[in-house]
Amino acid sequence: MSAPYILVLYYSRHGATAQMARQIARGVEMAGLEARLRTVPAVSSECEAVAPSVPDEGAVYATLDDLKNCSGLALGSPTRFGNMAAPLKYFLDGTSSLWLTGELVGKPAGVFTSTASLHGGQESTLLSMMLPLLHHGMLLCGLPYSESALLETRGGGTPYGPSHHAGGDGKRALDEHETALCRALGQRLAQLAGKLER
């Protein structure tokens, strides 16, 4: 059996959500647990087109076993009309076997997102990602206001989970508050997973 790990599972089209995932992973590792970064493939609109099962470069694609064996989950997506992106939803729709066996029941989970505009549906996207996690019986972990960055942020950041304002061109880097909140979520998930394991 492998060592306990937090699965940081995300989809990122232009890189902002991937930046957040790396900061969350850093927070997990700061708390002494392994972080496993995984992504999902884009959804093809062509029925005959199939993406490679293993990407030639970049983050490794998630498997159901990555999800099944994790001690906790951080789930991230860019915002698409106030909702999670289709590739992430497509992956989650394929987790029925884990739901039937209750593999994720009682494991901590948190969510994160990035948007082009400051009021582009960050909170509704975070809430939409929580729904399948609740159906799986996961324990939702947000960010408390004891995280001072929540009160100081000029970009993203919500009690529902970290968020990022990437700007219209998608090139705005994570600021210090957004970075702090990503790391805080990673630390909280690792700490909760450790307490639940004991």
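The values are calculated or read from the model by the stated rules, or taken from the named source; none is laboratory data. Nothing here was measured: the structure is a model prediction, and the numbers come from that model. Here the Cβ positions follow ideal geometry from the backbone for every residue, glycine too, while neighbour counts run over all protein chains shown. The protein model used for the area step is the full one, side chains on, heavy atoms only, and it has no ligands, DNA or RNA in it. Shrake-Rupley method; radii C 1.70, N 1.55, O 1.52, S 1.80 Å.
Out of 64, 127, which single residue is open to solvent by 20 Å² or more (accessible area, probe 1.4 Å), under 18 Å from residue 185 (Cβ atoms) and modelled with pLDDT of 95 or more?
Values: 64 fails: under 18 Å from residue 185 (Cβ atoms).
127 is the lone residue from the list that is open to solvent by 20 Å² or more (accessible area, probe 1.4 Å), under 18 Å from residue 185 (Cβ atoms) and modelled with pLDDT of 95 or more.
In region 4-44, which residues are assigned to a strand (DSSP E or B) and either aliphatic (A, V, I, L, M) or touching a Lys or Arg at 6+ places or on another chain (Cβ under 7 Å) (or both)? Can you show your working first?
Filtering region 4-44 for residues assigned to a strand (DSSP E or B) gives 5-10, 34-39.
If the condition is that a residue be assigned to a strand (DSSP E or B) and either aliphatic (A, V, I, L, M) or touching a Lys or Arg at 6+ places or on another chain (Cβ under 7 Å) (or both), then 5, 6, 7, 8, 9, 35, 37 are the ones that fit.
Suppose the filter is open to solvent by 60 Å² or more (accessible area, probe 1.4 Å) and modelled with pLDDT of 95 or more; does residue 32 pass it? Working first, answer last.
Numbers: open to solvent by 60 Å² or more (accessible area, probe 1.4 Å): yes; modelled with pLDDT of 95 or more: yes.
In short, yes.
Does region 136-146 include one or more residues that are at positive phi and under 15 Å from the mean Cα position of the chain (by Cα)?
Looking only at region 136-146, we keep the residues that are at positive phi, and these are 137.
Pick out the ones that are also under 15 Å from the mean Cα position of the chain (by Cα) and you get none.
Checked region 136-146: no residue is at positive phi and under 15 Å from the mean Cα position of the chain (by Cα).
What are the pairs, 6+ residues apart or on separate chains, where a residue within region 2-27 that is over 14 Å from residue 188 (Cα atoms) and among the basic types (Lys, Arg) has its Cβ under 8 Å from a residue that is modelled with pLDDT of 95 or more and part of a strand (DSSP E or B)?
Short answer, once both residue conditions are applied: 13/78; 22/37.
Closer than 24 Å to residue 180 by Cα and out of contact with any His (no Cβ under 7 Å at 6 or more places or on another chain), is that true of residue 114?
Details: closer than 24 Å to residue 180 by Cα: yes; out of contact with any His (no Cβ under 7 Å at 6 or more places or on another chain): no.
No; evaluated as a whole, the condition is false for this residue.
Report, by residue number, each residue of region 67-87 that is open to solvent by 50 Å² or more (accessible area, probe 1.4 Å) and touching a Phe, Trp or Tyr at 6+ places or on another chain (Cβ under 9 Å). Break it down into steps so the answer makes sense when it comes.
Residues of region 67-87 that are open to solvent by 50 Å² or more (accessible area, probe 1.4 Å), as a first pass: 68-69, 80-81, 83, 86.
Hits for region 67-87 are 69, 86.
How many residues are modelled with pLDDT of 95 or more and either open to solvent by less than 40 Å² (accessible area, probe 1.4 Å) or closer than 13 Å to residue 113 by Cβ (or both) if we restrict to region 166-188?
10
Kindly provide the set of residues from region 66-103 that are over 14 Å from the mean Cα position of the chain (by Cα) and among the acidic types (Asp, Glu), ordered by number.
Of everything in region 66-103, those that are over 14 Å from the mean Cα position of the chain (by Cα) and among the acidic types (Asp, Glu) turn out to be 93, 103.
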